[in-house]
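Worksheet for the structure shown next.
Please treat every number below as a calculation from the coordinates, not as lab data. As the structure is a computational prediction, the values presented were derived from the model and not from experiment. Virtual Cβ from ideal backbone geometry, glycine too; neighbours counted across all protein chains shown.
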Amino acid sequence: MAFAMQIVTPLIGGKGLGLEVFNGLARSDTGRALAAGVGICLLAMIIDRISLAWTKKQREALGL
């Protein structure tokens, strides 16, 4: 859900990769929008894997 907000934040003045997606779509520059979108997806996957590994460690440490 948090990464979905990356796409919406430029509408209220936010910055980041969402702004690149927004600018790419606004200027019909699909390459720019696609590159930023792939970047957001990669970040989401990396953070998901890191949090999954951390959760597994915590469960093992607690004996759950």
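Condition first: surrounded by 12 or more Cβ atoms within 10 Å (Cβ to Cβ) and more than 20 Å from residue 5 (Cβ to Cβ). Now tell me which residues in the stretch 19-31 satisfy that. So that I can check it myself, show each step before the final result.
Going through the stretch 19-31, the residues surrounded by 12 or more Cβ atoms within 10 Å (Cβ to Cβ) turn out to be 19-25, 29.
The answer is 29, and nothing else.
Pairs please, first residue from the stretch 5-29 and in contact (Cβ under 8 Å) with a residue 12 or more places away in the chain and under 19 Å from residue 43 (Cα atoms), second anywhere and aromatic (Phe, Trp, Tyr) and surrounded by 18 or more Cβ atoms within 10 Å (Cβ to Cβ), Cβ atoms under 9 Å, 6+ apart in sequence or on different chains.
That search, which allows pairs on different chains as well, returns 7/22; 10/22.
Being touching a helix residue (DSSP H, G or I) at 6+ places or on another chain (Cβ under 6 Å), among the aliphatic types (A, V, I, L, M) and surrounded by 10 or more Cβ atoms within 10 Å (Cβ to Cβ), is that true of even one residue in the stretch 35-57? Spell out how you get there, then give the answer.
Of all residues in the stretch 35-57, those touching a helix residue (DSSP H, G or I) at 6+ places or on another chain (Cβ under 6 Å) come to 36-37, 39-40.
Filter again for among the aliphatic types (A, V, I, L, M), leaving 36, 40.
In the following step, the residues that additionally are surrounded by 10 or more Cβ atoms within 10 Å (Cβ to Cβ) were identified as 36, 40.
Yes, the stretch 35-57 contains at least one residue that is touching a helix residue (DSSP H, G or I) at 6+ places or on another chain (Cβ under 6 Å), among the aliphatic types (A, V, I, L, M) and surrounded by 10 or more Cβ atoms within 10 Å (Cβ to Cβ).
Taking the condition part of a helix (DSSP H, G or I) and touching a residue at least 40 places away in the same chain (Cβ under 8 Å), does residue 52 pass? Talk me through it step by step, then tell me what you get.
Details: part of a helix (DSSP H, G or I): yes; touching a residue at least 40 places away in the same chain (Cβ under 8 Å): no.
No.
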